[in-house]
1. Only residues that are modelled with pLDDT of 95 or more, on the phi > 0 side of the Ramachandran plot and assigned to a loop (DSSP other than H, G, I, E, B): list them for region 284-325, please.
2. Determine whether region 68-79 contains at least one residue that is surrounded by fewer than 23 Cβ atoms within 10 Å (Cβ to Cβ), under 24 Å from the mean Cα position of the chain (by Cα), within 16 Å of the ligand (Cβ to nearest atom) and modelled with pLDDT of 95 or more.
3. For region 354-383, what are the residues that are surrounded by 14 or more Cβ atoms within 10 Å (Cβ to Cβ) and either part of a loop (DSSP other than H, G, I, E, B) or at pLDDT below 95 (or both)?
4. In the list 304, 313, which residue meets the criterion of being surrounded by 16 or more Cβ atoms within 10 Å (Cβ to Cβ), more than 16 Å from the ligand (Cβ to nearest atom), under 17 Å from residue 364 (Cβ atoms) and touching a residue at least 60 places away in the same chain (Cβ under 8 Å)?
5. Go through (1) under 22 Å from the mean Cα position of the chain (by Cα); (2) more than 20 Å from residue 223 (Cα to Cα) one by one and return the number of the condition residue 22 breaks.
6. Considering every residue within region 203-215, establish whether at least one is within 16 Å of the ligand (Cβ to nearest atom) and either touching a residue at least 40 places away in the same chain (Cβ under 8 Å) or surrounded by fewer than 17 Cβ atoms within 10 Å (Cβ to Cβ) (or both).
7. Might you check whether a residue that is more than 16 Å from the ligand (Cβ to nearest atom), without any contact (Cβ under 8 Å) to a residue 24 or more places away in the chain and touching a strand residue (DSSP E or B) at 6+ places or on another chain (Cβ under 9 Å) occurs anywhere in region 227-244?
8. Residue 118 is checked against (1) more than 20 Å from residue 215 (Cα to Cα); (2) within 16 Å of the ligand (Cβ to nearest atom) and fails just one. What number does that condition carry?
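The values are calculated or read from the model by the stated rules, or taken from the named source; none is laboratory data. This is a predicted model, so every value here is computed, not measured. Cβ coordinates were reconstructed from backbone atoms using ideal geometry, including for glycine residues, and neighbour counts include every protein chain displayed.
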Ligand code: LFR
């Protein structure tokens, strides 16, 4: 059988990548054709994505991918972070630079939404956890702005990139679910929600499903990239987390996953949503996955907390939104020192939206420790330990809550995404969960993206179990067994809970 080559465009919050996946029935290899920074820009007080620079990175990456494969790509798939969008005029012009989900323009929007639709009803209809940046809150905040008033069409970020490449508009379903405008039972638009909030669903082009065709490259794109044949774009799980969950190399149905990177997305794959009031109170989300699945998970701050600390320590300047990349020696030394620091000295709630915005991260962590009556970390090593212990504890809590709320059991935890390189975080997660952790692959989102394309092209066959078996047999994985005194984690969890109860009552 012939080998097929696919380009996965995977845009994350700190960098973008174009990765070539070579696929045959028993073979799967990746080659990173191009990686480029994603540096948001604060403009007149609002934090924006530098979308044209990202698009140029995609073009450069496709060019590099074409060179690497001798112009033999079979198709292209695109995945990015969720919730954000661009607004277009009737002629397709981008009306404004897309706003970053970490911008604070949505402050107060949740109250306005709640006045029109109580949170209980919103959750029962959409199953999406409350995050201040969900698309509905952004749309409420954008009401009456010139761009919104002139808008004829709304494209989510991967759909926007896809539109620029092919000229064909569409709304990919897994990412559409993060707008909080999709009913997870019907997997179609939640029309009553949109009506209650005065959101015009005709802004969204028709839904596409992973595996659907999404057009072929425009002539000008062929010229820019040096590609010389009609090349299709295939819809994949265009939400990066949807693709990352496809990329979990599970061999048993009783697995939990943690997709790590800027965020930690921790939870279970289900075949039906959990829409109970208890689930809402626990802030669990029912995002839609590939092949009719539901991603039942909670957003945890993730390595963002550490990245922001490192940026502050490196630049000594908290007013700069550009990401200062810690050199790997910095990070390695820091993680070594953190590994030797006192375990579980102080823990913070890594699910707290107080950590979403950029700037002053070490101070915000110190404040949280002080407020909850715990020792304040003094050195970067102590702060790093506090962040990693807190993330491990939040991972454990999310997996415990997800199993309880869904009635499922878990025998193994898979960690995928950039966090697999952080061996301390992987070990602490195994210790906290009291379960074996299988770490890898780091490029799970790109792999999930490639696998869905490969199946669509007929290069491989099967459902998610077969795709995952191919990952298991081809990708390097590392297993961590739980170590240490498990009751120390129970005590830390109890300490944090009690401190929060006291704080809430104060
Ligand atoms: C991860 C991610 C999360 C989403 C957040 C914001 O990259 O896509 O799943 O909640 O970014 O879009």
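1. 302
2. no
3. 356, 357, 358, 359, 360, 371, 372, 374, 376, 377
4. That would be 313, the only listed residue that is surrounded by 16 or more Cβ atoms within 10 Å (Cβ to Cβ), more than 16 Å from the ligand (Cβ to nearest atom), under 17 Å from residue 364 (Cβ atoms) and touching a residue at least 60 places away in the same chain (Cβ under 8 Å).
5. Unmet condition: (1).
6. Yes, region 203-215 contains at least one residue that is within 16 Å of the ligand (Cβ to nearest atom) and either touching a residue at least 40 places away in the same chain (Cβ under 8 Å) or surrounded by fewer than 17 Cβ atoms within 10 Å (Cβ to Cβ) (or both).
7. The answer is yes, given that some residue of region 227-244 is more than 16 Å from the ligand (Cβ to nearest atom), without any contact (Cβ under 8 Å) to a residue 24 or more places away in the chain and touching a strand residue (DSSP E or B) at 6+ places or on another chain (Cβ under 9 Å).
8. With respect to (1) more than 20 Å from residue 215 (Cα to Cα); (2) within 16 Å of the ligand (Cβ to nearest atom), residue 118 is out only on (2).
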